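Let me begin by presenting the structure, written as structure tokens, before commenting on it.
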Amino acid sequence: MKNYDQLIDSALVELESCETLISLEELRLEYFGKNGEVTSILKSLSKLSEKDKKEVGKKFNLFKQNFFKNLEKKKNIIEQSQIEEKLQKEKIDISLPTREEEKLNSKIHPITHTANEIISILGSMGLNYEEGPDVENDFYNFTALNIPENHPAREMHDTFYIENNLEKLVLRTHTSPVQIRNLQKKKFPLRIFAPGRTYRCDSDITHTPMFHQVEGLVVDHSVTFANLKWFLEKFCKTFFDNEKLKLRFRPSYFPFTEPSAEVDVNCSITSGKIILGEGDKWMEILGCGMVHPNVLKMSGVDDDQLKGFAFGMGIERLSMLKYGMPDLRDFYDSNINWLSHYGFSFLETTDLSWR
Ligand code: DAH
């Protein structure tokens, strides 16, 4: 009997000195595991006399209760201290002062600022924010947009292809594939816009290999070209902050819309300076149209029941027209003088949710 008491005492002392969840578990196995000490003692109870059996059984039942009660307590203590340690480690020292100088000089990049403006206008006009991947497959970037294999319209896009044996992957040449990803959800009415990076194998004063677009798509039972005109007029007047701005819808061609149009805004150009909203010259700003029935069909949407309008515009282009940057490539040169001249202060740009 005596060494049983010793065993019990030392088990409880050991339990008390455990400091990790792992050592607690090891201890549990040592005594109560399949081959644990207590387990084998209990297994051999049958060999004892009736009287001893009763006594030992009682002793170990009590021990078992005690052991597991203490084990649970210890476990809680260890877990609690682990949480506290983690909280302590992850504490952010917010008392560190900001660097005054940097705060004054740093600016919001015009693309971020312009994207934020566009996002807040389109959002307030009832469209929902959506995103799509930069790496697209051929189906989403071309085929589902009514640009089949070998279609000459593919040449409008100087595409970056990604080497891959399984499927034809591209860096998306426009944000239009996001239209398809959302049409496929088949939840109508669909009212979305999708800003993001786009890529084309091109570089000159008006092209960079990576640039940004915003796509818009509205699909419902009775969407008309008149709705599209109203929508874009309201958007442009708000974006350029000019109620007098005139829009011209010029017939054009895009494979994914029918009819298609390019939209120009009126402007004057005097000694190279463009002023929007006055004069009788025109400046192209975006492409748009009524979603082509083939596009709806290919996404499994009933084109008898549902109609849609779509538009796509370049963020850099809109930024250049609004804020007067002469060369697109400057956006990506990281020239600190350019950035501090054309950048925006934190107070001018309130919504920083978009990267
Ligand atoms: N995806 C076109 C481009 O990159 C832009 C565009 C034109 C988008 C017309 C549209 C649209 O949604 O309806 O040139």
Quiz item: Taking 0.36 nm per intervening residue step and subtracting the Cα-Cα distance, what contour gain separates Asn164 from Leu12 on full extension?
Solution: 48.5 nm
Self-check item: Rounded to whole Hz, the Karplus (6.51, -1.76, 1.60) HN-Hα couplings of the range 40-48, x for glycine and proline
Solution: 6, 5, 5, 5, 8, 4, 4, 6, 7
Quiz item: If you rank Asp330, Asp204, Asp93 by fewest surrounding Cβ atoms within 10 Å, what's the result?
Solution: Asp93, Asp204, Asp330
Practice problem: For the range 326-341, just list the computed ³J(HN,Hα) in residue order, Karplus coefficients 6.51, -1.76 and 1.60, θ = phi - 60°, integers in Hz, with x standing in for Gly and Pro. | Solution: x, 10, 4, 4, 4, 4, 10, 8, 6, 7, 4, 5, 4, 5, 6, 6
Quiz item: Hey, what do the phi angles of the range 222-234 turn into as Karplus ³J(HN,Hα) couplings, whole Hz, using 6.51/-1.76/1.60 and θ = phi - 60°, x for Gly and Pro?
Solution: 9, 8, 10, 5, 5, 4, 4, 4, 4, 4, 6, 5, 5
Exercise. Mind giving me the FRET efficiency for Glu72 and Lys34? R0 is 30 Å, r the Cβ-Cβ distance, nearest 0.05 is fine.
Key: 0.90
Quiz prompt | Rounded to 10°, Cα long-axis angle of helix 2-17 versus longest principal axis of the chain | solution = 20
Quiz item: Which of Val301, Val214 comes first, and how do the rest follow, when ranked by fewest Cβ neighbours within 10 Å?
Solution: Val301, Val214
Quiz item: Hey, got a sec? Which trypsin sites (Lys or Arg not before Pro) in the range 107-214 land in a DSSP loop and have at most 13 other Cβ atoms within 10 Å?
Solution: Lys185, Lys186, Lys187
Quiz item: In debye, nearest 20: dipole of the chain around its Cα centre with unit charges on the Cβ of K, R (+) and D, E (-)?
Solution: 1380
Quiz prompt | Ranking of Leu228, Leu21 by count of other Cβ atoms within 10 Å, fewest first | solution = Leu21, Leu228
Practice problem: May I ask which residue of Phe142, Phe160, Leu321 lies farthest towards the positive end of the charge dipole of the range 108-348, with charges of +1 (Lys, Arg) and -1 (Asp, Glu) on Cβ and the Cα centre as origin? | Solution: Leu321
Quiz item: In deg cm²/dmol and to the nearest 500, what is the mean residue ellipticity at 222 nm of the chain if only DSSP H runs of at least 4 residues count, each as -39500 (n - 2.57), divided by the residue total?
Solution: -12500 deg cm²/dmol
Quiz item: Kirkwood Rh, the chain, all Cα pairs: how many Å?
Solution: 26.1
Quiz item: Between Asp327 and Lys47, how many nm apart are label points set 7 Å from Cα along the C-beta direction?
Solution: 9.4
Self-check item: Cα→Cβ-extended label distance, 7 Å offset, between Asn242 and Ser334, nm
Solution: 3.4
Quiz item: Given a Förster distance of 41 angstrom, what is the FRET efficiency for Arg197 paired with Ile22, based on the Cβ-Cβ distance and rounded to 0.05?
Solution: 0.30
Quiz item: Near the amide H of Ile285, under 5 Å away, which other amide H atoms are found, from residues 5 or more places off or on another chain, if H is placed in the peptide plane?
Solution: Val263, Asp264, Val265
Practice problem: Keeping to pairs on different chains or 8 or more places apart, tell me how many lysine pairs in the range 196-355 have Cα atoms under 18 Å apart. | Solution: 18
Quiz item: Excluding the sites themselves, what is the longest stretch of the chain that contains no GluC sites (Glu not before Pro) in a DSSP loop with at most 16 other C-beta atoms within 10 Å?
Solution: 168-242
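Since every read-out is calculated from the coordinates, none of them should be taken as a lab result. All values reported here derive from a predicted model rather than from experimental measurement. Don't worry about glycine lacking a Cβ; one is built from the backbone with ideal geometry, like all the others, and counts go over all protein chains shown.
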